[in-house]
Amino acid sequence: MLFEKYMICEDGFGNTYDENGWLTGFQFKLRISYYRALRLSMIEDIQVTVDGKTFPSDKLLFTVEEGTFTLAQMKTMPDLYWDFGEPAVIRVVDPDGLGRGNNPEYRRLRVYLKFRVSYSFTGFSAATEKVLKPTL
Amino acid sequence: MGIQRGVSIYSYQENYYLRKMSFEDCIRAVSETGAKGVELIAEMHCPKEYRDPSPDFVARWHDWMAKYGTKPAALDVFLDYKLYDNRMLTEREMVAFFKNNFDFAKKLGFPVIRGMIAVPLPILRDIIPILEDYGLTYGTELHAPISPWGSKMQGIFELIDRTGTKNMGFIPDMSMWCKTAPRLVTGEYLRKGADPEIVERICQRYDERVPQDEVNAEALRMGAGPLELAAMHNVFSHARYDGTEWLREYADKVVHVHGKVYEMDENCEEKYIDYEPVVRILQEAGFDGWICTEYEGQRSYHDPLYGPGGADEVEQVRRHQVQLKRLLGA
């Protein structure tokens, strides 16, 4: 329901490196599971799991056109939007990234997104997964 | 004047999400159906202009309206009172939030605002003088599975009668008149492995007007598990049918209509919804606002198991406008 199969983008998945070439983590691109742009303060949680390993939410950096923010920072931003259909770049800060050494060619990326909407008592949540090949 | 045909460009949401259609393309698609009205959810197509639209943006909107021969029909707003995770907005903040939305509506020329049922009644009371001052009409959407006789809707009808305001009413969504269960919305659960026999029995019982709790009990006796029950919940949250006559009592409070579409057939008839008598009742009551197509079937193909592709939004909307033109005679 609600764009589930389109949420995780096919491109932009892979390890990230700093200017010295050190592995800093990994990233992927995510679109919203809702029919309108979402104010950043209404995002409750994003959980990222790769091949069964879940990463702590406080290690996430979320990038939209307006800038890059942590989930905690976003709680204070009611006037900035994650645009409808906009691929947000989610970066997970982790010194091992998607894993060192021999990795399978395809990875199973699972994302759980939860947000708060006034007309829903339980909140809106979407769980989606895709088997992806890192292209970065 | 009579009832006029419009399209909510929400109907092209998948095309817009994937950027296969631009904002302008959506308006062009509306005009190509022959519809004259455009309904907008600002936060779908132009969130960054919503709070404080630039003069360029406003000018461009009016240029498009002239270019495509369309008029603004309704603006859909959401009172996001759960803006913050540790508090609700205060009454004053909620009213200010609405006023800001109304400023946007005025600049773009929308005569009608669509609000949602979750808006607290005291806030509806507070915005009446602002609506009267701005010359705007506000309608609360009545959408399946909400009951017209529940305390929420009755509270709103009572407020309108008590204040005598001409600037507030309600907006029925045609999901209120699903004569048959929208089987389209069970597809996702069938693809996940729900028992087709149990799911079809649930849909049949809906068609027979059996109340949900009885349908639920029977499904459990048949061996329904989480998937079949989820399919049942999806049917009952997307559809209602209490006959059509009840609308006559409230028809004078209708300010706009959401022409819900789940699935159009090849004869340009919506498969599940009882359009004909409802349109007739509205005409007999003298309603002369907009019926705006709101196509929502695309969602039913969004589960990963469906695979690529899905709805042809432009075609579904085109067919619905053919149906509306036939019913309205224009």
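Read-outs: derived from the displayed coordinates by stated rules, not from any lab. Predicted model, so just to flag it, every value in this text is computed and none were measured. Neighbour counts run over all protein chains shown; Cβ positions are idealised from the backbone, glycine included.
Under the simplified labelling scheme, the A:Thr24-B:Glu197 pair shows an inter-label distance of 5.9 nm, with each label point 7 Å from Cα along Cα→Cβ.
A Gaussian network model of chain B, with springs between Cα atoms under 10 Å, assigns the largest mean-square fluctuation among B:Val257, B:Val199, B:Val210 to B:Val210.
A:Tyr112 sits among other residues whose Cβ lies under 11 Å from its own Cβ, and their net charge, with Lys and Arg +1 and Asp and Glu -1, is -1.
A simple spin-label model places the labels of B:Gln283 and B:Asp312 2.9 nm from each other, with each point 7 Å out along Cα-to-Cβ.
The calculated FRET efficiency for the pair A:Arg108 and B:Gln212, based on their C-beta separation and a Förster distance of 56 Å, comes to about 0.90. In this structure, the residue pairs whose Cα-Cα separation is over 20 Å, taken from B:Lys82/B:Lys107; B:Lys166/B:Lys253; A:Lys5/A:Lys114; B:Lys36/B:Lys99, are B:Lys82/B:Lys107; B:Lys36/B:Lys99.
What shape does chain A take by its C-alpha gyration tensor, where a ≥ b ≥ c are the square roots of the eigenvalues and a/c under 1.5 counts as rounded, a/b above b/c as prolate, and the rest as oblate? Cα axes put chain A in the prolate bin.
Sorting B:Trp61, B:Trp290, B:Trp149 by the number of Cβ atoms found within 10 Å of their own Cβ, with the fewest placed first, yields B:Trp149, B:Trp61, B:Trp290. With the simple spin-label model, which puts each label point 7 Å out from Cα in the Cβ direction, the A:Asp51 to A:Phe121 separation comes to 4.3 nm. Seen through its C-alpha gyration tensor, with square-root eigenvalues sorted a ≥ b ≥ c, segment B:181-238 comes out oblate because a/c lies at 1.5 or above while a/b is not bigger than b/c. Taking max minus min of the alpha-carbon positions on each principal axis, chain B gives extents of 59, 48, 44 Å, largest first. A dipole drawn for segment B:101-222 from +1 and -1 charges on Cβ atoms has a positive end, and of B:Phe104, B:Thr165, B:Ile128 the residue lying farthest that way is B:Phe104.
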